[in-house]
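Here is the structure we will look at, set down as structure tokens.
The values are calculated or read from the model by the stated rules, or taken from the named source; none is laboratory data. What you are looking at is a predicted structure, and each value in this text was computed from that prediction instead of being measured. With ideal geometry, Cβ positions are generated from the backbone for all residues, glycine too; neighbour counts draw on all protein chains shown. Keep in mind that these areas ignore ligands, DNA and RNA; they rest on the heavy atoms of the full protein, side chains included. Shrake-Rupley method; radii C 1.70, N 1.55, O 1.52, S 1.80 Å.
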Amino acid sequence: MRERRQTRKLTQTALARAVGISASYLNLIEHNRRGIAGRTLLSIARELDLHPSELTEGADASLINALTETAKSHSSIHAEVERIEEFVGRYPGWAKLLSELARISREQRETLTAMTDQMAHDPFVSETMHQILSNITAIRSTASILATEGDIPADMQARFLANLHSDSQRLSETAQKMVDFFDHEAKSDPSGPATAVAHDFWASHDHVPPPDINPDLKTGPHDAPVLHSTLERYQSIQNAIPAEAFASTAGKHGFDPLSLAQHYDTSVMAILFRMAQMPPDMGFPVFGLIEVDMSGAVLMRKPTPELALPLYSSACPLWPIYRAFAQPGQILRATLEMPSGDRVLTYALSEPLDHGGYDLPALLRSTMIFSADNRVMTQAPTAPVLAGLHCSVCPRKHCDARRVDYILA
């Protein structure tokens, strides 16, 4: 299927749009992580000018594709890709073993990437490392004075020694905090940050959970507060606004969240999540989604080919999802133009989780959905916001919102 698509010079995004599914769903199909049947199978076969049987035959196709992908990702080894089918046929056990080892290696790389992202952007880690370096600098300066200055009055020497003792004690305490932090992370959730379970679950189900998922499940991989709350929310919205009826209604309203909220007499936030969590085989425009709390931590994410999203850290400060915190309850609409030239229409909204108190403001969460679908872009403002993903990977040199340097500068 992938070879046929590439031969016809079609991108995953173009084929997905023609078929009426999301690009991420098509990617799962091409990597044999999702099966296809029915209308989706017929539509893909039609677009690729293939007979449907050509997409369903071959019992070892997934194994062959997995080994092919592995060989391509290690091209310097020059594996005999053209003889993979022969290898699978003659040594099926070894083929499965190699495929499994490649899968484990890939998952470990993804875990390391997530950990690296956390090390780079977690505020606790950043602040603690700053404290450690400050203490080391102070100790080094004090020790240098004591070692190089030969004639130091006794009272001043005593003060230097006292400073050296207090700085070294602070260094020890700060380092212990760092050790305790990572030890707690490892014990509480071996997969990484607390939101990792939710991110993995929603990504593996293309943001539409199977109907037999029980949101009340408290054990196993679903034992995560973020996942539990998002499953409950999805089920509530699905019961109130069934996807089948919503698909046709949304088209009649021009995919406008405000108009749809009035039609269903429900909150705009419910409509935003409904639009971003539609089954991929309905031909509904693909909407990405990102949800953050007031610290900027990512609670839920659904990236699209046009707009990548951070895993755990904050993103471009020009995204309306952050501006929405200053205007709770006010839905914001903006067109973002990325450095690649891609444009997406965004809707952002923040809402309080509680009523706050006399001494503290209400806790807020902000949500942004976005789409590059032509049916949606008709509503887009003509003046785009020149934005990026994160300052470190954004080439816009003269952006007033820049916080850190571009890594390739």
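Some points to look at:
- Theoretical gain in end-to-end length, HIS31 to ASP155 [0.36 nm per residue, Cα-Cα removed]: 37.4 nm
- By average C-beta atoms within 10 angstrom, highest first, the peptides 335-347, 144-156, 239-251: 335-347, 239-251, 144-156
- Site pair ARG402 and LYS96 shows an inter-label distance of 5.5 nm when each label is modelled 7 Å from Cα along Cα→Cβ.
- Shape of region 267-409, Cα gyration tensor, a/c cut at 1.5: oblate
- Prolate/oblate/rounded call for region 254-318, Cα gyration tensor, a/c under 1.5 rounded: oblate
- A convex hull fitted around the alpha carbon atoms of the chain yields 229 Å³ per residue.
- Take each peptide in 388-395, 374-381, count the other Cβ atoms within 10 Å of every residue, and average; sorted highest first, the result is 388-395, 374-381.
- ALA203/SER141 FRET efficiency (R0 51 Å; Cβ-Cβ; nearest 0.05): 0.55
- Evaluated on region 226-286, the Kirkwood hydrodynamic radius is 11.7 Å, with distances taken between all distinct Cα atoms.
- At R0 = 22 Å, FRET efficiency that the Cβ-Cβ distance of ALA383 and GLN262 yields, to 0.05: 0.25
- Cα-projected label distance for GLN6 with SER75, points at 7 Å along beta-carbon direction, nm: 0.9
- Shown are SER236, SER259, whose ranking by accessible area with a 1.4 Å probe and every protein chain present, most to least, is SER236, SER259.
- Judged by the mean number of other Cβ atoms found within 10 Å, the most tightly packed of the peptides 358-364, 300-306 leads the ranking 300-306, 358-364.
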